[in-house]
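To start, the structure itself, in structure tokens.
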Amino acid sequence: MEKELKVAALRNGTVIDHIPADKLYQVVFMLHLDTCDNQITIGNNLESAKIGKKGIIKIAGKVFAEDETNKIALIAPNAKINIIKDYQVIEKRPLSLPDEIHEIAQCNNPNCITNHQNISTFFNVIKDETGTMLKCHYCERLIKLEEVKIK
Amino acid sequence: MSNRSLVSISDYNKEEILEILDAAADFEANPNRSTLKGKVIATLFFEPSTRTRLSFETAVLRLGGSVIGFSDAATSSSVKGETLNDTIRMVSCYADAIVMRHPFEGAARYAAEISPVPIINAGDGANQHPSQTLLDLYSILKTQGTLENLKICVAGDLKYGRTVHSLIMAMSYFHPTFRFIAPEELKLNEEYRIFCLMNNIPFEETTELNDNINDADILYMTRVQRERFQDLMEYERVKNVYTLKNSMLENTKPNLRILHPLPRVSEIAPDVDKNEKAYYFQQAQNGLYIRQAIISKVLSV
Ligand SMILES: [Zn+2]
């Protein structure tokens, strides 16, 4: 019963769960939920056995495209995405970083042209044995995933 | 059109690099031509670099082309405060190709995306300077007769030195063995160490110049700049350790040649200049032929 109160049931839409509490609002802005007209329920600082305090976002009547949800991997790689239809989970969507990241991230290099002129950013995602990095398409700087700045 | 731009050395594969080096040898044999007759090349130097600009402009003039542009955006009222986008679009109405140098990294890649005419990157901040890399390769080829299986010692600032990073990438096609010689604070960055490992390029790292150059075919020296150091005492120590003196060349191989992208500060003592192993002034001269080859390639003439 208590669980019901915390996370009201969703009939159709998308649930993004297990977002670290301090990343919740970054996810909100990244998916442009601040300007979205759909019914949205946001819970934060909920107890989670797995990650301490977590956030959850439910967006009614909207199924995000995969390249949209994949952006979440940039800031909350362990978030869980469930697509709901008629109160049932019809898709558990695994998160994987897209090959290219446009606009949402900012280049860490202060001397990068994208930090000085109105140019939208563009990173290639590089995966090798040493881990995952972003490479700025313009200044060619490599950025570790944990050091990526979200706009 | 803009895919003919040269922004980064990695824009060229091995065949294209060899094609440029071949063409440069032709230009060296016969540098004065009229293949660019009627063409206008813009040289846009958003930060000054007289050496590079004169080399590119001479390359154009010796091929019969004309040059427009500016040598320092700070004094050029026409571009003060104008966005890079607007400057490139404006200039591309007049010129058949644009040579540009810019203080910010990535500026040339961006310009290549918006420009209807080819862009040649003459340096974007600390990032890329492909004509320098190609002239380094040309100098190595000319002095050694081959690019294959050479022992290359690279000394100085391996952390910030972009010429070093591009050299490593470009030489990776030719089975080199590297020895990286740098003080602790200017060691080769992780990124390029991983690049060598992934491409099976053998390398060693050391902190002393001394005897470590005796088995080298090429000694590539770079500038050690004071502003890279927190501690000035440390800078003074490093500066002394990394000064190449003529006496240090006594036991080196006869085919050794010393390269340096110039200008030098104090890393090569003047008494080295008269040694036949000193090649840095001829290296700079080679830049002219390489730039003639690059301009001809991007314009398909
Ligand atoms: Zn960048």
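When the stretch A:132-148 is examined, which residues are found to be under 19 Å from the mean Cα position of the chain (by Cα), in contact (Cβ under 8 Å) with a residue 24 or more places away in the chain and within 16 Å of the ligand (Cβ to nearest atom)?
A:LEU134, A:ILE143, A:LEU145, A:GLU147, A:VAL148
Checking B:GLY156 against (1) modelled with pLDDT under 95; (2) surrounded by fewer than 19 Cβ atoms within 10 Å (Cβ to Cβ); (3) in contact with a Lys or Arg (Cβ under 9 Å, 6 or more places away or on another chain), only one condition comes out false. Which one?
For B:GLY156, the exception is condition (2).
Residue-by-condition table, conditions (1) within 14 Å of another protein chain (Cβ to nearest Cβ); (2) buried (at least 22 other Cβ atoms within 10 Å of the Cβ); (3) of a type in the set (Val, Ile, Thr):
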residue	(1), (2), (3)
B:ALA108	yes, yes, no
B:LEU137	no, yes, no
B:LEU147	no, no, no
B:LYS151	no, no, no
B:TYR173	no, no, no
B:LYS187	no, no, no
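Return the residues of the stretch B:67-87 that are closer than 21 Å to B:ARG109 by Cβ and in a helix (DSSP H, G or I); say none if nothing qualifies.
Result: B:ALA73, B:LEU84, B:ASN85, B:ASP86, B:THR87.
Given (1) more than 23 Å from A:ASN38 (Cα to Cα); (2) buried (at least 16 other Cβ atoms within 10 Å of the Cβ); (3) not hydrophobic (A, V, I, L, M, F, W, C), identify the lone condition not met by A:ASN78.
For A:ASN78, the exception is condition (2).
Considering only the stretch B:118-129, how many residues are buried (at least 23 other Cβ atoms within 10 Å of the Cβ) and either within 12 Å of chain A (Cβ to nearest Cβ) or assigned to a loop (DSSP other than H, G, I, E, B) (or both)?
Of the residues in that region, 6 qualify.
Search the stretch A:56-81 for residues that are closer than 15 Å to A:THR132 by Cα and pair each with any residue that is assigned to a strand (DSSP E or B) and at pLDDT below 90 when their beta-carbon atoms are under 9 Å apart and the residues are at least 6 apart or on different chains.
Close Cβ pairs (under 9 Å, with a partner that is assigned to a strand (DSSP E or B) and at pLDDT below 90) amount to A:LEU74/A:ILE150; A:ILE75/A:ILE150.
Residues that are within 16 Å of the ligand (Cβ to nearest atom) and more than 14 Å from chain B (Cβ to nearest Cβ): find the strands (runs of 3 or more DSSP E) completely inside the stretch A:66-131 holding 2 or more of those.
Those strands (runs of 3 or more DSSP E) span A:100-102.
Which one is farthest from the other protein chains (Cβ to nearest Cβ), of the residues in the stretch B:88-106 that are in a loop (DSSP other than H, G, I, E, B) and more than 21 Å from B:GLN292 (Cα to Cα)? Steps first, answer last, please.
Here is the first cut: in the stretch B:88-106, the ones in a loop (DSSP other than H, G, I, E, B) are B:92-96, B:103-104, B:106.
With the extra rule that they be more than 21 Å from B:GLN292 (Cα to Cα), the set shrinks to B:93, B:103-104, B:106.
On the way: B:CYS93: 20, B:PRO103: 8, B:PHE104: 4, B:GLY106: 3 Å.
Checked the stretch B:88-106; the qualifying residue farthest from the other protein chains (Cβ to nearest Cβ) is B:CYS93.
Matching residues to (1) out of contact with any Leu (no Cβ under 8 Å at 6 or more places or on another chain); (2) free of Cβ contacts under 8 Å to residues at least 40 places away in the same chain:
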{"site": "B:PHE56", "(1), (2)": "yes, no"}
{"site": "B:ALA59", "(1), (2)": "no, no"}
{"site": "B:ASP72", "(1), (2)": "yes, yes"}
{"site": "B:LEU84", "(1), (2)": "yes, yes"}
{"site": "B:ILE98", "(1), (2)": "no, no"}
{"site": "B:PRO116", "(1), (2)": "yes, no"}
{"site": "B:GLY125", "(1), (2)": "yes, yes"}
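The values are calculated or read from the model by the stated rules, or taken from the named source; none is laboratory data. What you see is a predicted model, and the numbers here were worked out from it, not measured in a lab. So basically every Cβ, Gly included, is an ideal-geometry build from the backbone, and we count neighbours across all protein chains shown.
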